[in-house]
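Notes follow the structure.
What follows draws every value from the coordinates through simple rules; no lab data is involved. What you see is a predicted model, and the numbers here were worked out from it, not measured in a lab. Every residue, glycine as well, gets a Cβ built from its backbone with ideal geometry; the counts of neighbours run over all protein chains shown.
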Amino acid sequence: MLIDTHAHLTDVKYGGAREIIDNMQADGLERIIAVGFNEFTSAYSVKIAEENEKIFAAVGVHPSDAATAGQGYLGALSDLCDSDKCVAIGEIGLDYHYEDTDKRAQHRVLCEQLELVREKKLPAIFHVRDAYGDFYDIISKHRDCVTAGAVMHCFSGSKETALVYADMGFYISFSGSITFKNSKAGEIISALPLERILIETDCPYLAPVPHRGEINYPKYVRFQAEKIAEIRGVSVEEIIKITRDNAYRAFAKMK
């Protein structure tokens, strides 16, 4: 059975995600982690998780939402972390993709949430885009905050960067983008130890081939498993088992 370690079930496209959840068994899904990106979606993700046995949650403020995070956001996230169904803090990190990025706000909110990671002793789910240098500087200074492990979500960096974080004990997670024709993930996946690899959809975004351009769904995480199996020259069943086992190690509360 598959585990989608990163899904945005709170997206309005899913209308509460009832159909997704009801069809999990038929779709070969054992667990889904519903990931928040601000205070509201974090609370909503925990609500969905608490109401559904096979759903778990991660809570956090995405870097693109850092500038609008309210004064009480940390306290709200802290309370959500105490739920039995909250397995991680994320997605948090840095994203410099857009020209109007408020880097100062992103740095402040990331560092504040790293202190929450330290306090709650939960794994972190990191979103990093076009900001790997600054992220490395920050995480190096706050390495003692990340004692319960971490995931580099929807990884978009180089092979060398992936190996640096794998050596730090982080997991490297791959979305549907690894199935795209222009993807350079093959050399990264070939170089990584299999015990450091996770799969995710990041749905509703980044639907894999053959569904590229459509709304993405957790069930499509199978295409990432198939692509990794192709790259590594092993069976799809082996990759499903390995990534399932990795997910349970990465997110200890999910057990």
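Being of a type in the set (Ser, Thr, Tyr) and closer than 13 Å to LEU192 by Cα is the filter; apply it to segment 131-168 and report the residue that is nearest to the chain's Cα centre (by Cα). It would help to see each step written out before you state the result.
First, the residues of segment 131-168 that are of a type in the set (Ser, Thr, Tyr): 132, 136, 140, 147, 156, 158, 161, 165.
From what's left, closer than 13 Å to LEU192 by Cα: 158, 161, 165.
Values: SER158: 18, THR161: 17, TYR165: 15 Å.
Step by step, filter segment 131-168, then rank; the result is TYR165.
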- Of the listed residues (LEU94, LEU116), the one being within 24 Å of ASP202 (Cα to Cα) and either within 16 Å of the chain's Cα centre (by Cα) or aromatic (Phe, Trp, Tyr) (or both) is LEU94
- Message: Regarding segment 16-24, can at least one residue be identified that is surrounded by 21 or more Cβ atoms within 10 Å (Cβ to Cβ) and in a strand (DSSP E or B)?
- Response: no
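Return yes when ILE215 is of a type in the set (Val, Ile, Thr), more than 23 Å from GLU187 (Cα to Cα) and more than 15 Å from the chain's Cα centre (by Cα) and no when it is not. Write out each step before concluding.
On the way: of a type in the set (Val, Ile, Thr): yes; more than 23 Å from GLU187 (Cα to Cα): yes; more than 15 Å from the chain's Cα centre (by Cα): yes.
Judged against the criteria, ILE215 is a match.
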- Query: Which one is surrounded by the fewest Cβ atoms within 10 Å (Cβ to Cβ) among residues in segment 204-233 that are of a type in the set (Gly, Ala, Ser) and farther than 22 Å from PRO193 by Cβ?
  - Reply: GLY213
- Heads up, the helices (runs of 4 or more DSSP H) in segment 65-174 (entirely inside) with at least 3 residues that are in contact (Cβ under 8 Å) with a residue 40 or more places away in the chain are 73-81, 103-120, 132-141
- Query: Residues in segment 52-59: is at least one in a helix (DSSP H, G or I), touching a residue at least 40 places away in the same chain (Cβ under 8 Å) and aromatic (Phe, Trp, Tyr)?
  - Reply: no
- Filtered residue count, segment 39-70, keeping only those that are under 21 Å from GLY16 (Cα atoms), among the charged types (D, E, K, R) and surrounded by 19 or more Cβ atoms within 10 Å (Cβ to Cβ): 1
- Message: Which numbered condition in (1) assigned to a helix (DSSP H, G or I); (2) surrounded by 24 or more Cβ atoms within 10 Å (Cβ to Cβ) is the only one that LEU9 fails?
- Response: (1)
- Expected output for segment 3-31 (first residue among the β-branched types (Val, Ile, Thr), partner in a loop (DSSP other than H, G, I, E, B), Cβ below 6 Å, 6+ apart or cross-chain) is THR5/GLU200; ILE21/ASN52
- LEU198, sole failed condition from (1) exposed (fewer than 15 other Cβ atoms within 10 Å of the Cβ); (2) assigned to a strand (DSSP E or B): (1)
- Query: So VAL236 clears everything in (1) out of contact with any strand residue (DSSP E or B) (no Cβ under 7 Å at 6 or more places or on another chain); (2) crowded, with 23+ Cβ neighbours inside 10 Å; (3) among the aliphatic types (A, V, I, L, M) except one condition, right? Which one?
  - Reply: (2)
- Enumeration of residues in segment 213-241 that are outside any helix (DSSP H, G or I) and touching a residue at least 60 places away in the same chain (Cβ under 8 Å): ILE215, TYR217
